[in-house]
Amino acid sequence: MRLLFIGDSITEWGRHEDPENIGSGYVRLIHDYYKTAKPEQNYEFINLGVGGDRISDLQARWIRDVLQLNPDIISISIGINDVWRQLDSEDPDQIYPEQFEEIYVNLLDHVKEKTNAMIILMEPTIIEENLESEGNKKLKPYVDIIHKLAKKFAATLVPTHQSFVSYLKTQADYKLTTDGVHMNSAGNMLMAATWIQNVKF
């Protein structure tokens, strides 16, 4: 069984320095869980996260990195940079929710048409460990779109954003990120645990 993880730097996390190309982030933790929990299964894990990617970047590499690999399971984590770029750049080429949804629908249509893959949609996590940050407010419609698409395409939803929101609401002082976006080991563990709890195959 081939499991493909695709997304931005949160998914990429260390894969270029890893001989297995899995990385040291949440994909590594999911990989290690299934490799040890079900050693009799011949799971093939592929990490194709690319730092800085937005939904339009996934679109540009979708044929090569998804359709041609014909995965049995595809897990998609995208949306952080679509919002972050609006906060840190004056680039007029922004991807607002309407375009985000339009491109995402196109990508998922291709998966349905060209593969038999089980689709897993991960909510984008957080932008700053502060629920009232501008980034988290701007992120909300993107999270809502992913819920809508999970229903439309009968996909499995992984509520990673909600997991982080629930954690932040406890006002715990232990950080989950290194910079408000990129995960430390605890943040990766929360992502992986949320994935494993919600994905059944």
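Before moving on, here are some points about what is shown:
- Derived scalar couplings between HN and Hα for the stretch 160-176 equal 5, 4, 5, 4, 6, 4, 4, 5, 5, 5, 6, 6, 4, 8, 7, 6, 10 Hz in order, rounded to whole Hz, by the Karplus curve 6.51 cos²θ - 1.76 cosθ + 1.60 (θ = phi - 60°), x for Gly and Pro.
- Take every DSSP beta bridge whose two residues both sit in the chain; close to 5 percent of them are antiparallel.
- Within the chain: Cβ-based charge dipole about Cα centre, in debye rounded to nearest 20 (Lys, Arg +1; Asp, Glu -1): 820
- Segment residue 2-residue 64, length gained on full extension (0.36 nm per residue, minus Cα span): 20.8 nm
- Helical mean residue ellipticity (222 nm; -39500 (n - 2.57) per DSSP H run of 4+; nearest 500) of the chain: -14500 deg cm²/dmol
- Under the convention that each Lys and Arg Cβ holds +1 and each Asp and Glu Cβ holds -1, the size of the dipole of the stretch 30-86 around its Cα centre is about 140 debye.
- Backbone amide hydrogens, once placed in the peptide plane, bring residue 128 within less than 5 Å of 181, excluding anything fewer than 5 places away on its chain.
- Residue 88 versus residue 130: modelled label distance in nm, points set 7 Å from Cα along the beta carbon direction: 1.6
- Rounded to whole Hz, the Karplus (6.51, -1.76, 1.60) HN-Hα couplings of the stretch 16-24, x for glycine and proline: 6, 9, 9, x, 8, 6, 9, x, 10
- The simple spin-label model puts a point 7 Å past each Cα toward its Cβ; for residue 109 and residue 16 those points are separated by 3.4 nm.
- Placing +1 on the Cβ of every Lys and Arg and -1 on the Cβ of every Asp and Glu, with no other charges, gives the stretch 125-182 a dipole of roughly 440 debye about its Cα centre.
- Using θ = phi - 60° and Karplus 6.51 cos²θ - 1.76 cosθ + 1.60, couplings along the stretch 75-86 (whole Hz; Gly, Pro as x): 10, 10, 10, 8, x, 4, 6, 4, 8, 4, 4, 6
- With every protein chain in place, the chain: carbon and sulfur % of accessible area (1.4 Å): 48
- Most positive-pole-ward Cα, 27, 142, 58, against dipole of the chain from beta carbon charges: 27
- What the chain shows is 47 Å² of accessible area per residue, with the surface traced by a 1.4 Å probe over protein heavy atoms.
- Residues listed by number, the stretch 77-118, amide nitrogen under 16 Å from residue 137 label point at 7 Å toward C-beta: 83-84, 86-88
- Placing unit charges on the Cβ atoms of the charged side chains and taking the dipole of the stretch 79-201 about its Cα centre, the candidate lying farthest along the positive direction among 176, 133, 156 is 156.
The values are calculated or read from the model by the stated rules, or taken from the named source; none is laboratory data. In this text, all values refer to a predicted model and were calculated from it rather than measured experimentally. FYI the Cβ positions are ideal-geometry reconstructions off the backbone, even for glycines, and counts take in every protein chain you see. We work out accessible area using only protein heavy atoms, side chains counted, and drop any ligands, DNA or RNA first. Shrake-Rupley method; radii C 1.70, N 1.55, O 1.52, S 1.80 Å.
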